[in-house]
Amino acid sequence: MPEAENIPHRLSRLITSPKAYARQKSLLAALRWLRANQPLGRAEIEGFDPFWLVTRHADVSNIIRQHDLFHSGDRPHALVPKASDEMARALTGGSPHPIRVIARASIDRMAEHGSTCDFVRDVAIHYPLHVLMQILGVPEQDEQRMLKLTQELFASEDADLGHSEGENGDPTRHAKELFRLLDEFKAYFVPLMERRRAAPADDLASVIANSEIDGKPMNHFEAVSYYVIVAAAGHDTTSSSISGGLWALCENGEALEKLKADAGLIPQFVDEAIRWTTPVRHVMRTATADVELRGRRIARGDWLMLCYLSANRDEEAFDEPDRFRLDRSTLGSGIFGLGVHTCLGQHLARLEMRIFFEELLLRLTSVEIAGRPQRSASIFIGGPKTLPLRYKMI
């Protein structure tokens, strides 16, 4: 069996550079080259443990399905610097009606801005957060605190959104920042959990607070982990996909007219918007046994980066992957994970997006980009961070 072949150092640096995910052009070109020339290779770069980079859609899907062979819990779920990993070791399923009401209120807010707005900051980041906070049972007056924490958690590598010093910042400082944020989540959610245990309400916070594992109540760490997943992961990914979808429509006027003429196309537009945006850029897996993949020996304990951003632009899986197409079927694409790793919030995310665009397209008569959109500099979860628009609404 051939020895592990390292991918070019320049490409390894690009894959681990948050700024590359903001610019994307050079990153997508590098991923295209890797799919064609080195779909599986080792990345060794200062500041990170070595890992395998998996860029082909078929390989990513295959690994996700084999939960027993490729674990997600043995090491960090996302690519993090060694400092984060070392600190972690040292510390040893809503009703559509209220969602539609929230969607209409969000679109009303867009209309109140007149004919221009930054769609991300003025609309997109608030809509899914409000949905999730209502489901979870977080008071509306606390939503701004949750917004600040979720943005800093997933965009801590972006100097505009978090407290990072950028791609050349100190990895140890970045790790400390992540743990500071998790402590802030804990400081908020532990008292909420205790209140819901004492007096349950009709919300998800009460369900989590009073759930049991193997007949025993969840401990603080387990409960807070669920709260953070609900509050954070479902917020950023959905807002990014909504923003990315509208960005694509601004650049594809024909697709916008088709959607306005036939709302039945919105569900497949939603799937294509998620593929196009790919708000979850990668996930990490750890091999639990020696295994062969594409003729290479993956050793037990090896770390693998499943590059969703590459898989969702794979020429073998999608016709014209670099084009936004309404007539594309993305079923089985692995966008939300597969098998036991299927995203539990995928149905809510699709529902939120479908309802939002159903309501928006009823009122939007024209829309165009009115400035320079920017993506967040984040290698894990991200999407547009600014989307300046000019539009007319009824």
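The values are calculated or read from the model by the stated rules, or taken from the named source; none is laboratory data. Since we're looking at a predicted model, the values are computed, not measured. Note that each Cβ is placed from the backbone with ideal geometry, even for glycine, and that neighbours are counted across all protein chains shown. The protein model used for the area step is the full one, side chains on, heavy atoms only, and it has no ligands, DNA or RNA in it. Shrake-Rupley method; radii C 1.70, N 1.55, O 1.52, S 1.80 Å.
Some observations on this one:
- Leu34 at pLDDT below 85, touching a strand residue (DSSP E or B) at 6+ places or on another chain (Cβ under 8 Å) and either in a helix (DSSP H, G or I) or under 29 Å from Ala349 (Cβ atoms) (or both): no
- Residues of the stretch 43-73 classified as in contact with a helix residue (DSSP H, G or I) (Cβ under 9 Å, 6 or more places away or on another chain), outside any loop (DSSP other than H, G, I, E, B) and surrounded by 17 or more Cβ atoms within 10 Å (Cβ to Cβ), total: 9
- Selection status of Gly93, open to solvent by 20 Å² or more (accessible area, probe 1.4 Å), modelled with pLDDT of 85 or more, outside any helix (DSSP H, G or I) and out of contact with any strand residue (DSSP E or B) (no Cβ under 8 Å at 6 or more places or on another chain): no
- Hits in the stretch 239-273 - residues which are hydrophobic (A, V, I, L, M, F, W, C) and touching a Gly at 6+ places or on another chain (Cβ under 8 Å): Phe269, Val270, Ala273
- Checked against the criteria, Thr277 counts as of a type in the set (Ser, Thr, Tyr) and open to solvent by less than 30 Å² (accessible area, probe 1.4 Å).
- Within the stretch 344-367, if we keep just the residues that are aliphatic (A, V, I, L, M) and open to solvent by 30 Å² or more (accessible area, probe 1.4 Å), the residue that is nearest to Arg109 (Cα to Cα) turns out to be Leu362.
- Counting only residues that are within 16 Å of Ser376 (Cβ to Cβ) and touching a helix residue (DSSP H, G or I) at 6+ places or on another chain (Cβ under 7 Å), the stretch 224-244 holds 11 of them.
- Among (1) part of a helix (DSSP H, G or I); (2) touching a Lys or Arg at 6+ places or on another chain (Cβ under 8 Å); (3) over 26 Å from Pro373 (Cα atoms) - the single one Asp271 does not satisfy: (3)
- His126 meets all of the listed conditions (1) modelled with pLDDT of 90 or more; (2) under 30 Å from Thr386 (Cβ atoms); (3) open to solvent by 60 Å² or more (accessible area, probe 1.4 Å) but one, namely (3).
Table: residues versus (1) of a type outside the set (A, V, I, L, M, F, W, C); (2) at pLDDT 95 or above; (3) open to solvent by less than 40 Å² (accessible area, probe 1.4 Å).
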position: Lys260; (1), (2), (3): yes, no, no
position: Asp271; (1), (2), (3): yes, no, yes
position: Val283; (1), (2), (3): no, no, yes
position: Ala287; (1), (2), (3): no, no, yes
position: Pro321; (1), (2), (3): yes, no, yes
position: Val340; (1), (2), (3): no, no, no
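Matching residues to (1) surrounded by fewer than 17 Cβ atoms within 10 Å (Cβ to Cβ); (2) within 17 Å of Ile135 (Cβ to Cβ); (3) more than 24 Å from the chain's Cα centre (by Cα):
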{"position": "Glu177", "(1), (2), (3)": "no, no, no"}
{"position": "Arg180", "(1), (2), (3)": "yes, no, no"}
{"position": "Asp183", "(1), (2), (3)": "yes, no, no"}
{"position": "Ala199", "(1), (2), (3)": "yes, no, yes"}
{"position": "Leu204", "(1), (2), (3)": "no, yes, no"}
{"position": "Ile208", "(1), (2), (3)": "no, yes, no"}
{"position": "Glu212", "(1), (2), (3)": "yes, no, yes"}
{"position": "Lys216", "(1), (2), (3)": "yes, no, yes"}
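- The single condition from (1) open to solvent by less than 30 Å² (accessible area, probe 1.4 Å); (2) at pLDDT below 90; (3) within 24 Å of Ala370 (Cβ to Cβ) that Ala103 fails is (2).
- Some residue of the stretch 236-243 being aliphatic (A, V, I, L, M) and either open to solvent by less than 40 Å² (accessible area, probe 1.4 Å) or closer than 22 Å to Val131 by Cβ (or both): yes
- Pairs linking a residue in the stretch 209-231 that is at pLDDT 85 or above to a residue that is basic (Lys, Arg), with Cβ atoms under 6 Å and 6 or more positions apart or on different chains, are Ala209/Arg196; Ala209/Arg197; Val224/Lys186.
- Scanning the stretch 368-394 for residues that are closer than 18 Å to Ser106 by Cβ, β-branched (Val, Ile, Thr) and open to solvent by 20 Å² or more (accessible area, probe 1.4 Å) yields a single hit, Ile394.
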